[in-house]
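Written out below as structure tokens is the structure these notes cover.
All of the numbers you see were taken from the coordinates with simple rules; none came from a lab. Since the structure is predicted, the reported quantities are computational estimates derived from the model, not experimental observations. For neighbour counting, all protein chains shown are included, and Cβ atoms are generated from backbone atoms with ideal geometry for every residue, glycine included.
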Amino acid sequence: MKPPVEIKDIKDFAYLTSRKLKNENGEEKGAVFLWRRKGEEEFNYKLKCPYCEEEQESSVVFNKRPYRVRCSNCGKSILVEKLSSK
């Protein structure tokens, strides 16, 4: 998934990630690109839902980790998993 914003300098962002997302059968059907600029409270995201495969963009304020985004089409809550050290 391509970033929906132009990224000139990574130092402008407090949080920036791109993840593949699996559906209930373990198949990689979706993806999320999540970012927050420094000094902002709101996270922006671009999501391809792994369940209904609908693409959408929105923003949300997270209170705590783990981060979860909700698909506006099917209503499923989607976990943005922490990257593990493998």
Each label sits 7 Å from Cα toward the beta-carbon; between Lys22 and Glu6 the label points are separated, in nm, by 3.8
When the chain is modelled as a GNM with alpha-carbon springs shorter than 10 Å, which of Val60, Val32, Val69 fluctuates the most?
Val60
In whole Hz, with x marking every Gly and Pro, tabulate ³J(HN,Hα) for region 56-73 from phi via Karplus 6.51 cos²θ - 1.76 cosθ + 1.60, θ = phi - 60°.
7, 10, 6, 9, 7, 9, 8, 8, 7, 8, x, 6, 9, 10, 10, 6, 6, 8
Taking the chain as a Gaussian network, Cα atoms linked when under 10 Å apart, which of Lys29, Lys20, Lys64 shows the biggest mean-square fluctuation?
Lys64
Under 8 Å for C-alpha pairs, at least 6 residues apart: give me the relative contact order for region 10-80, rounded to a whole percent.
22
Of Tyr15, Tyr45, how do they rank once you tally other Cβ atoms within 10 Å and put the fewest first?
Tyr15, Tyr45
Of the GluC sites (Glu not before Pro) in region 20-75, those whose Cβ has at most 14 other Cβ within 10 Å and which sit in DSSP loop
Glu24, Glu27, Glu40, Glu41, Glu42, Glu53, Glu54
